[in-house]
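K.L.:
Quick one: structure below, then a few questions.
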Amino acid sequence: PALRRLSHSLLAHYQKGTRPVRDWRTTTNVAIDLMVYAILSVDEKNQVLTTYVWYRQHWTDEFLRWDPERFDNLTQISLPVESIWVPDILINEFVDVGKSPHVPYVYVSHHGEVQNLKPIQVMTACSLDIYNFPFDVQNCSLTFTSWLHHIRDINLSLWRQPELVKFDRSVFMNQGEWELLYVLSRFQEFSVKSSDSYAEMKFYVVIRRRPLFYTVSLLLPSIFLMLMDIVGFYLPPNSGERVSFKITLLLGYSVFLIIVSDTLPATAVGTPLIGIYFVVCMALLVISLTETILIVRLVHKQDLQPHVPEWVKRLLLERATVLLCIRDRNKFSQSRTQSSDISRQAENDSTARLNQYGCEDPRECETVGGAGPTLASASQVEGSLLLHGVLREITAIRQFLEKREEFRDVAREWLQVGYVLDVLLFRAYLVAVLAYTVTLGTLWSVWRDA
């Protein structure tokens, strides 16, 4: 009965359409509080943050006061929120009405203090910075203000101390992708041109993305593919396996980027640094494949190429080997000179043996051996012609072997040039990769310090 008598006594002549003050010059002070319960979603494309918060209001209603002794020492009562005056405090960043549960009652104490506690699903506009994705930290504001009443009618204040609001994570559900760092609060006055000032209470919700999933699924596969590309330089350049290996890596990285494109956040104002990282890695793979094609083209099909120019020998085979501290893997072969000497010695031996058995000119044979029988002279002439034929065949074989050995020497020279050039380009490529890695590390360190 005391609750019914008190409720009827308070609401019988209550005017909920009027601000509850006995003197209109009195300002209604509304103390507000905010606790973040969960981060539901972060839409980078539409720049929308969806949070679930516990929101509390506290103000004094001068027409909701009573003497507890008249109502069985009752000091607090719950009243329907539709039956009393409630301040028109909204969030400026609202972009959509969330699925917030309806709380139909408020608590009123015998001093006229009204407490309105309700959970709100807040969908607010937020300027999201995805440059450091997936290691990004977002700072989104929730601005509470009276939409109609200026600061002389409704003033705002903070229910609790700012330090207590900042590090209050007692109700936060921290098992999702985002973790709550802190909540900053600040009071300010806002005015449009020459109009009256309005009171604003800003809450800055600072959240950080948990990067473990993206590190495992995005960064590590890319790093492994780049390491395999570097290891691929140890394949011999004169074999065709390196080209196919680099092409396979490039195709695999292309498929990887197609899968990654659905994971990266897309905005119209900027590109995350990780996207630039993937593009540069793709460019490095293309450069590596181009270098491999150049080296393979250099060390193959040397039969149609001339000798290595002297300036190339001096530049690559002398200076570059000293500069790069590498050994000359294939010494110039002396087989061509040795084979020429052996062939000339064999020719001389054949000529000497021919002179033992016959003459080079048949008429000389007739002069020298005219006293012999005619049949013997004919046999000597026939043997001499046969030896001349054998000698010509041996000479042709010697010329063919010298030509083939010359082609082999040219091939060895170009192969040696290819090896030195391959080491030079590999080290230049390795320096570029290391410089790229140091640059990314520096940017990351600067961002972390900032």
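K.L.:
Which of the peptides 285-292, 435-442, 60-67 is most tightly packed, and how do the rest follow, going by the mean number of other Cβ atoms within 10 Å of each residue? The partial results should precede the final answer.
P.N.:
Numbers: 285-292: 18.5, 435-442: 11.8, 60-67: 17.0.
Sorting 285-292, 435-442, 60-67 by mean packing, highest first, produces 285-292, 60-67, 435-442.
K.L.:
Using only C-alpha atoms and all pairs of different ones, pull out the Kirkwood radius for the stretch 209-279 in Å with one decimal. Don't skip to the answer; put the middle values down first.
P.N.:
Details: mean 1/r = 0.0723 Å⁻¹.
Final number for the Kirkwood radius of the stretch 209-279 is 13.8 Å.
K.L.:
Taking the Cα centre of the stretch 209-294 as the origin, how large is its charge dipole in debye, to the nearest 20, when only Lys and Arg (+1) and Asp and Glu (-1) carry charge on their Cβ atoms? Could you put the intermediate results ahead of the total?
P.N.:
Details: 4 positive and 4 negative charges, 45 e Å.
I would put it at about 220 debye.
K.L.:
Report the calculated FRET efficiency for Asn29 and Phe94 (r = Cβ-Cβ distance, R0 = 25 Å), to the nearest 0.05. Walk me through the numbers on the way to the answer.
P.N.:
On the way: r = 24 Å, r/R0 = 0.94.
Given R0 = 25 Å and the Cβ-Cβ separation, E is 0.60.
K.L.:
Consider just the alpha-carbon atoms of the stretch 2-209 and return their Rg together with their Dmax, both in angstrom.
P.N.:
19.2, 64
K.L.:
Output needed: percent of Cα pairs per 10 Å distance bin for the stretch 72-131, bins running from 0 to the one holding the longest distance.
P.N.:
Once binned at 10 Å, the Cα pair distances of the stretch 72-131 give 18, 37, 25, 13, 6, 1, 0.
K.L.:
How far apart, in nm, are the 7 Å Cα→Cβ label points at Glu241 and Ser445?
P.N.:
For Glu241 paired with Ser445, the spin-label model returns 3.9 nm.
K.L.:
Could you give the size of the charge dipole of the stretch 106-175 about its Cα centre, using +1 on the Cβ of each K and R and -1 on the Cβ of each D and E, expressed in debye and rounded to the nearest 20?
P.N.:
Value, rounded to 20: 140 debye.
K.L.:
What pairs in Lys16/Lys166; Lys45/Lys202; Lys118/Lys193; Lys118/Lys202 have C-alpha atoms more than 29 Å from each other?
P.N.:
From the list (Lys16/Lys166; Lys45/Lys202; Lys118/Lys193; Lys118/Lys202), the Cα-Cα distance tops 29 Å for Lys16/Lys166; Lys118/Lys193.
K.L.:
Treating only the Cβ of Lys, Arg, Asp and Glu as charged (+1, +1, -1, -1), what charge dipole size does the stretch 2-209 show about its Cα centre? Round to the nearest 20 debye.
P.N.:
That gives a dipole near 320 debye.
K.L.:
I would also like to ask the following. Run the simple label-point estimate for Val390 and Arg210 please: 7 Å along Cα→C-beta, distance reported in nm.
P.N.:
If labels sit at Val390 and Arg210, their model points lie 9.1 nm apart.
K.L.:
Answer with one residue from Thr124, Leu40, Ser191: the one whose Cα lies farthest towards the positive end of the charge dipole of the stretch 2-209, charges on Cβ with Lys, Arg +1 and Asp, Glu -1.
P.N.:
Ser191
K.L.:
Let me ask you something else. Carbon and sulfur atoms: what percent of the 1.4 Å accessible area of the stretch 51-205 do they account for?
P.N.:
Result for the stretch 51-205: 51 percent of the exposed heavy-atom area is carbon or sulfur.
The values are calculated or read from the model by the stated rules, or taken from the named source; none is laboratory data. This is a predicted model, so every value here is computed, not measured. Don't worry about glycine lacking a Cβ; one is built from the backbone with ideal geometry, like all the others, and counts go over all protein chains shown. In case anyone asks, the SASA skips ligands and DNA or RNA and just uses the protein heavy atoms, side chains included. Shrake-Rupley method; radii C 1.70, N 1.55, O 1.52, S 1.80 Å.
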